[in-house]
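What follows is a set of notes on a single structure, which appears directly below.
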Amino acid sequence: MQYNKVNDGIIEELKTIVGAANVLTEHEKMEMYARDEVSDQLWEKMPEVVVKPKNALQISEIVKLANRELVPITPRGGGTGLAAGAVPMIGGIVLSLEKMNRILEVDTENLFMVVEPGVTTGEVQKTAREHGLLYAGDPCSADSSFIGGNVATNAGGNKAVKYGVTTRHIYGLEIVMPNGDIVTFGGKNVKDVTGYDIVHLIVGSEGTLGIVTKIWLKLMPLPKYVADLLIPFADMQTAIKVVPKIMTAGIIPTCLEFMDSLSIKAAEMYLNKKLPYSDAGAYIICEVDGTSETQVQDDYETIGKLCQENGALEVFVADNKSTQERIWKARKSYAEAIRMLSPVYCMEDIVVPVSEIPKCLEAIERISKKYDCKIPSCGHAGDGNIHATILREGRDDHAWHELKDNVLRELYEVVYQLGGNLSGEHGIGAKRAEAMHKHMTEAQLNVLRSIKKALDPNNIMNPGKVLVLQ
């Protein structure tokens, strides 16, 4: 696809649409928009211009301008992505949604919240709690990620095992389509099969099919009782083999996470605080919630007993906010902690059936030894989502890229042999687009291409993400 450069005339039109103060062209001001949380410089690219619209009408005008001039647009939320999905890999316009940050409505009768995409997920959670309600989407980046970015990547998070990923909580979207039309699908109806399910086509589309400007989020009553368990094991395989036993014990945990020994040590170093049993080979972190204190206690006692019968070294129970926060700090600091081991790394987001996690982790250990590299792993044991992170450490550029290519080739082959896939929650973005094309059939890819071509014939919406440019 041949795109045009952003010229002075386009910049002046953008200033007319959003105001000169909301158009950035200076290198130092645009630099932060040239990357996301992917640490490798391979996935950095400067935009030609950054615009900060305040409403859907302004976005519509920007999109119409970009379509007319054949200039690519990269929608951007909080920049916390891990797949270079919000990086303008071929330049053009970065459209930042940071100024669309209002909570428009909290409907306590119908249990809905209506928000703009630039609200942080943490603010959504906090506002729901203030009304005695729960927004169950809970990515580790909640304090900094935007809810619009969660929608774009169909973010998962810690509570997905019980409450599902982001898509389960989205009932309506206002979208600026690639031709500039502003359309709304869904809303507050809990049941709605009128026409195609466009809402859930857009969720997870990573800004390639349109720009979300308003979101209807489903809320639920806040559980009255919550308890967390921190359960150390001597080794990773013993820990992870208890997961299917927990999942088939008649209890649905709210969260069921794991950390390997490297991840535990990294978190301890990052937090500068001694963790319980930090010499353990692995942690299982489990949360249960409910409306009855007795039910919650019965659930965590059942899980604790099950773990002790299957090799747990100890079971630590946290049933108040202070101790619960201490348990979760180690898990939620994973990405930051890994940077202390190696500032440059390659974090993967593979997903396999829950029963195949032990085999997948065995393969990761085997690959790590084969290539003499560290691959700390943690993730969402209850839904099979593993964050395996290849560390660069002291390798030069050539050795690093060769290592990545070899490890990822073997890792992806194992994942697909186990019935898994490339991404459980971080998305494909630019980082995994070529790998996705390699592992998908041509028939599958043609379905995706047909949708993209129908909605975005000029391919201006986040080109090069998910689908490789033709």
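The values are calculated or read from the model by the stated rules, or taken from the named source; none is laboratory data. Please read all numbers here as calculations on a predicted model, not as lab measurements. When the accessible area is computed, the model is the full protein with side chains, heavy atoms only, and any ligands, DNA or RNA have been set aside. Shrake-Rupley method; radii C 1.70, N 1.55, O 1.52, S 1.80 Å.
Give, to the nearest whole percent, the P(r) tail of the chain beyond 32 angstrom, counting all Cα pairs. Considering the chain, 41 percent of its Cα-Cα pairs are separated by more than 32 Å.
Averaged per residue, region 167-227 has 48 square angstrom of accessible surface, using a 1.4 angstrom probe with ligands and nucleic acids left out. Note on K188: aspartates and glutamates with a C-alpha under 16 Å away, same-chain residues under 8 apart excluded, are E105, D107, E109, E116, E174, D197. Ligands, DNA and RNA left out, the 1.4 Å accessible surface of region 319-470 is 51% carbon and sulfur atoms. Three semi-axes describe the equivalent ellipsoid of region 265-370; taken as square roots of 5 times the Cα gyration tensor eigenvalues and ordered largest first, they are 27, 20, 14 Å.
In terms of accessible area, using a 1.4 Å probe and ignoring ligands and nucleic acids, R35, R395 rank largest first as R35, R395. Accessible area ranking (1.4 Å probe, heavy atoms, ligands and nucleic acids excluded), largest first, for H169, H27, H200: H27, H200, H169. Temperature 20 °C, viscosity 1.002 mPa s: under these conditions the Stokes-Einstein estimate for region 368-409, based on its Kirkwood radius over C-alpha pairs, is 190 µm² per second. Backbone phi angles across region 62-68, fed through the Karplus curve with coefficients 6.51, -1.76 and 1.60 (θ = phi - 60°), yield HN-Hα couplings of 5, 5, 4, 4, 5, 5, 5 Hz in residue order; Gly and Pro are listed as x. When Rg and the Kirkwood Rh are both derived from Cα coordinates, the Rg/Rh ratio for region 309-381 amounts to 1.02.
Using a probe of 1.4 Å, the accessible surface attributed to V351 totals some 30 Å² when neighbouring protein chains are kept in position.
On alpha-carbon atoms, Rg over Rh for region 51-128 using Kirkwood Rh? Over the Cα atoms of region 51-128, Rg/Rh equals 1.06. Rolling a 1.4 Å probe over the protein heavy atoms leaves R168 with an accessible area of roughly 140 Å². From largest to smallest, the equivalent ellipsoid semi-axes obtained for region 157-287 from the alpha-carbon gyration tensor read 39, 18, 13 Å. Using a probe of 1.4 angstrom and keeping all protein chains present, the accessible surface of region 1-61 works out to 55 square angstrom per residue. Considering only protein heavy atoms and a 1.4 Å probe, what is the carbon-and-sulfur percentage of the accessible area of region 84-126? Answer for region 84-126: carbon and sulfur cover 41 percent of the accessible area.
Which number comes out as Rg/Rh for region 426-465 once both Rg and the Kirkwood Rh are worked out on C-alpha atoms? Using only Cα positions, Rg/Rh for region 426-465 is 0.97. Listed values for region 14-27 are Karplus-derived 3J(HN,Hα) couplings in whole Hz (6.51 cos²θ - 1.76 cosθ + 1.60, θ = phi - 60°), namely 4, 5, 5, 6, 10, x, 4, 5, 9, 10, 10, 10, 6, 3, and x replaces Gly and Pro.
Taking amide H as placed 1.01 Å from N in the peptide plane, K214 has its amide H under 5 Å from the amide H of E174, each at least 5 places away in sequence or on another chain.
The portion of the accessible surface of region 144-241 made up by carbon and sulfur, rounded to a whole percent, is 55 (1.4 Å probe; DNA, RNA and ligands excluded). Rolling a 1.4 angstrom probe over the protein heavy atoms with all chains in place gives region 233-378 an accessible area of 45 Å² per residue. When its C-alpha radius of gyration is set against 2.2 N^0.38 Å (N residues), region 346-447 gives a value of 1.06. To the nearest 10, the accessible area of H398 is 140 Å² with a 1.4 Å probe.
Converting phi to 3J(HN,Hα) with the Karplus coefficients 6.51, -1.76 and 1.60 and the offset θ = phi - 60°, region 36-42 yields 10, 8, 5, 7, 7, 5, 4 Hz in sequence order, with x at every glycine or proline.
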